[in-house]
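Participant: Before I ask anything, let me first share the structure, which is written out below as structure tokens.
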Amino acid sequence: MNPIMLETSQMLRNHPILNEKQSYKLKYINILEYFIRKYSANDAWANQTLKLYIKKVLGNEDNYQYRNFNLQRDSKPVLATKFRIFKFFTYRYCLIIDCIFICAYEDKDKGEQIFAELSSIYRKRYQKKIRQVFDSLYDRSDSVEGIEQIQYLKTCWDQNRAFTGDKPIKVIVTANMSAGKSTLLNAFVGKKVNKTQNDACTAKIHYILNKPYDDGFCYELDHLLELDADYKTLMEDNSDNRSSVIMVGSFFRTVGTKAKRIWFIDTPGVNSSQDISHREIAEKTICSTDADLLIYLLNGENIGTDDDRKHLLFILDNYHGKIIFVVNKLDRFRKKEDSVTATLETVISDLSNMGFEAPAVVPVSSYAAYLAKMSIFAEPLDEDEQDEFDRMSKKMKKKEYQFGNYYPDHIQSNVRVRREDENYQLLLHSGLPYLENIIYNMR
């Protein structure tokens, strides 16, 4: 399977087939499986996408069983023109897009084979139009007009192709344990896709990849491919995965920022006393990855540790790209005992003395950002999370804890989230939208 498919959103949310009767849906799915069995029998993406279609279209996998059929004979009921109120509707064009999307999204030669077989069952008067539909899938310059039925599918296809056609912005995230790295990554995504420090983490590199639009599905490739990964699947590593990589594909929920092709490359905490391989894998990834940015996350409650100094010196000697030093957990400070401003100034001074030139240092509250996004996007918070949300919302109304104010003026002016809703205000005060703005505008 081409890994680019993990950055490709599904086309099921508003698929026109969802409005049909169950008997018709069964016939449509049967044709899709025919082509998958013939052209992509061993392709994980094709087979897992078929499972999604069965689940989403039919409601339950138990409602479906593949039946051997003759394409010439049994496809006719699906291709027939259907009458709906005020308009005619045909699925002949939808079927082309679905078959190519599932079996040959990145393989035009295979797509030509599938198209040749599909076109053999269409009447001659449709041949020119279906050829236009097919050609438009692989060539952005070709357009298809006047086929209302495929507008949703074609829009989804075009968004996917334009998105994956861009060069990804690769961001390495590194830290010592307990800095809040996994919480930061969950905040970027807007839901929990990564284990937090309280979970038993393994020595794996996690690639967390954005998708062009929200299709309602989270993908995971961890030896096996799962295109509808639930919480349990995401939190439990597959013991059969002998590689050092786990890949997750999910739409990143941002506010006021358009989707861009972002890869977050999450490295293990480097100061694990239980497993030295965590450091080895992290350092190897940092040295070997052609990244656009490295985020070094610091625990604001524990600045200047020997572990951080050791890892920072490694970064100084071995990584020569753009770095942002992000100071986390400053929301836990007590006003009369700690100072956000003084802490940031100390970090800048320490980094400069170490040899980093004009280090970019910014604050963030990963947990506040995570809770704010969860609330904005109507994800349920448990009792403890709601208590933390309420505490942080109150505390971060104070000017010192409005972390967006510590970012450069030009970044502040770029962030256009101005809603007075408490959820949005907490997100702004967390500093995350300003950090996202830096990342998303690197190109």
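The values are calculated or read from the model by the stated rules, or taken from the named source; none is laboratory data. Small disclaimer: the values here were computed from a predicted structure and weren't measured. When we count neighbours, we look across all protein chains shown, and the Cβ atoms used for this are built from the backbone with ideal geometry, even at glycine. All accessible areas refer to the heavy atoms of the entire protein, side chains included, with ligands and DNA or RNA removed. Shrake-Rupley method; radii C 1.70, N 1.55, O 1.52, S 1.80 Å.
Participant: Just the number please: accessible area per residue for the chain, 1.4 Å probe, all protein chains included, in Å².
Facilitator: Numbers: 20830 Å² over 443 residues.
Each residue of the chain exposes 47 Å² on average to a 1.4 Å probe.
Participant: With only alpha-carbon pairs counted, each pair once and no self-pairs, how large is the Kirkwood hydrodynamic radius of the chain in angstroms?
Facilitator: Working: mean 1/r = 0.0416 Å⁻¹.
Result for the chain stands at 24.0 Å.
Participant: For a quick check: with amide H placed at 1.01 Å from N, whose amide H comes under 5 Å from residue 253's, ignoring anything fewer than 5 positions away on the same chain?
Facilitator: Answer set, sorted by chain and number: 190.
Participant: Starting at the first residue of the stretch 375-389, write each ³J(HN,Hα) from the Karplus equation 6.51 cos²θ - 1.76 cosθ + 1.60 with θ = phi - 60°, in whole Hz, x for Gly and Pro.
Facilitator: 6, 4, 9, 6, 8, x, 9, 6, 4, 5, 5, 5, 4, 5, 4
Participant: Okay, next question. How large is the helix-only mean residue ellipticity at 222 nm for the chain, computed as the sum of -39500 (n - 2.57) over DSSP H runs with n ≥ 4, divided by its residue count, in deg cm²/dmol to the nearest 500? Display every interim value, and only then the final one.
Facilitator: On the way: 18 runs with 190 residues, N = 443.
-13000 deg cm²/dmol, from helical runs alone.
Participant: Can I ask one more? If contacts are Cα pairs under 8 angstrom and at least 6 residues apart, what is the relative contact order of the stretch 299-443 in percent?
Facilitator: That works out to 23 percent.
Participant: Using unit Cβ charges (K, R positive; D, E negative) and no other charged atoms, how large, in debye to the nearest 20, is the dipole of the stretch 1-82 about its Cα centre?
Facilitator: On the way: 13 positive and 7 negative charges, 71 e Å.
Rounded to the nearest 20 debye, it is 340 debye.
Participant: Quick one: net charge around residue 247, please, counting Lys, Arg +1 and Asp, Glu -1 for every other residue with C-beta under 9 Å from its C-beta.
Facilitator: On the way: positive: none; negative: 220, 222.
Result for the local shell: -2.
Participant: To continue, here is another question. Would you mind telling me the share, in percent, of accessible area of the stretch 311-443 contributed by carbon and sulfur at probe 1.4 angstrom? Write down the numbers at each step before the final one.
Facilitator: Working: 3020 of 6660 Å².
After summing per-atom areas, the C and S share lands at 45 percent.
Participant: What do you reckon, how do 410, 429, 320, 15 stack up by accessible area (1.4 Å probe), largest on top?
Facilitator: Working: 410 115, 429 25, 320 155, 15 0 Å².
Final ranking, largest accessible area leading: 320, 410, 429, 15.
Participant: Next question. Which length gain, in nm to one decimal place, applies between residue 72 and residue 280 when the Cα-Cα distance is subtracted from 0.36 nm times their residue separation? Can you show the working numbers first?
Facilitator: On the way: separation 208, 0.36 × 208 = 74.88 nm, distance 5.78 nm.
Stretched out fully, the residue 72 to residue 280 stretch lengthens by 69.1 nm.
Participant: Specify whether the C-alpha gyration tensor of the stretch 1-142 places it in the rounded, prolate or oblate class, a ≥ b ≥ c being the square roots of the eigenvalues: rounded for a/c under 1.5, otherwise prolate if a/b is larger than b/c and oblate if not. Let's see the in-between values first.
Facilitator: Working: a/c = 1.37, a/b = 1.04, b/c = 1.31.
Rounded is the answer for the stretch 1-142, as its axis ratio a/c remains below 1.5.
Participant: Please determine, in degrees from 0 to 90 and to the nearest 10, the orientation of helix 277-288 with respect to the longest principal axis defined by the Cα atoms of the chain, where the helix direction is its Cα long axis.
Facilitator: Tilt relative to the chain: about 70 degrees.
Participant: Now, a different point. Between helix 108-119 and the chain, what is the angle of the helix's C-alpha long axis to the longest principal axis, kept within 0 to 90° and rounded to the nearest 10?
Facilitator: Compared with the principal axis, the helix lies near 30 degrees.
Participant: Can you send over the carbon and sulfur percentage of the accessible area for the stretch 94-143, probe radius 1.4 Å, protein chains only?
Facilitator: 42 percent
Participant: Once phi is turned into ³J(HN,Hα) by the Karplus curve 6.51 cos²θ - 1.76 cosθ + 1.60 with θ = phi - 60°, what whole-Hz value does each residue of the stretch 362-370 show in order, with x for glycine and proline?
Facilitator: Karplus values, whole Hz, x for Gly and Pro: 9, x, 7, 10, 4, 5, 4, 5, 4.
Participant: May I ask for the angle, rounded to the nearest 10°, between helix 127-138 and the longest principal axis of the chain, with both axes built from Cα atoms and the value confined to 0 to 90°?
Facilitator: Long axis of 127-138 versus the principal axis of the chain: about 20 degrees.
Participant: With θ taken as phi - 60° and the coefficients 6.51, -1.76 and 1.60, list the Karplus ³J(HN,Hα) couplings across the stretch 17-32 in order, rounded to whole Hz; mark glycine and proline as x.
Facilitator: Each residue of the stretch 17-32 in turn: 5, 4, 8, 8, 6, 4, 4, 6, 4, 4, 5, 5, 4, 4, 5, 4 Hz.
Participant: A follow-up question, please. What full-extension length gain, to one decimal in nm, is calculated for residue 353 and residue 313 as 0.36 nm per residue of separation minus the Cα-Cα distance?
Facilitator: On the way: separation 40, 0.36 × 40 = 14.40 nm, distance 1.13 nm.
Full-extension gain reported as 13.3 nm.
Participant: Here's another thing I want to ask about it. Once the mean 1/r over all distinct Cα pairs of the stretch 92-174 is inverted, what Kirkwood radius in angstroms do you read off? Please report the intermediate quantities before stating the final value.
Facilitator: Numbers: mean 1/r = 0.0724 Å⁻¹.
Hydrodynamic radius (Kirkwood, Cα only) of the stretch 92-174 equals 13.8 Å.
Participant: How high is the FRET efficiency between residue 397 and residue 143 when r is their beta carbon distance and R₀ equals 56 Å, given to the nearest 0.05?
Facilitator: 0.65
Participant: For the stretch 363-438, what does the alpha-carbon gyration tensor say about shape, rounded, prolate or oblate, given a ≥ b ≥ c as the root eigenvalues, a/c under 1.5 as rounded, and a/b over b/c as prolate? The partial results should precede the final answer.
Facilitator: Details: a/c = 2.09, a/b = 1.66, b/c = 1.26.
It comes out prolate by the Cα gyration axes.
Participant: Please check: in the Gaussian network model of the chain (C-alpha springs, under 10 Å), which one of 36, 17, 295 has the largest mean-square fluctuation.
Facilitator: It is 17.
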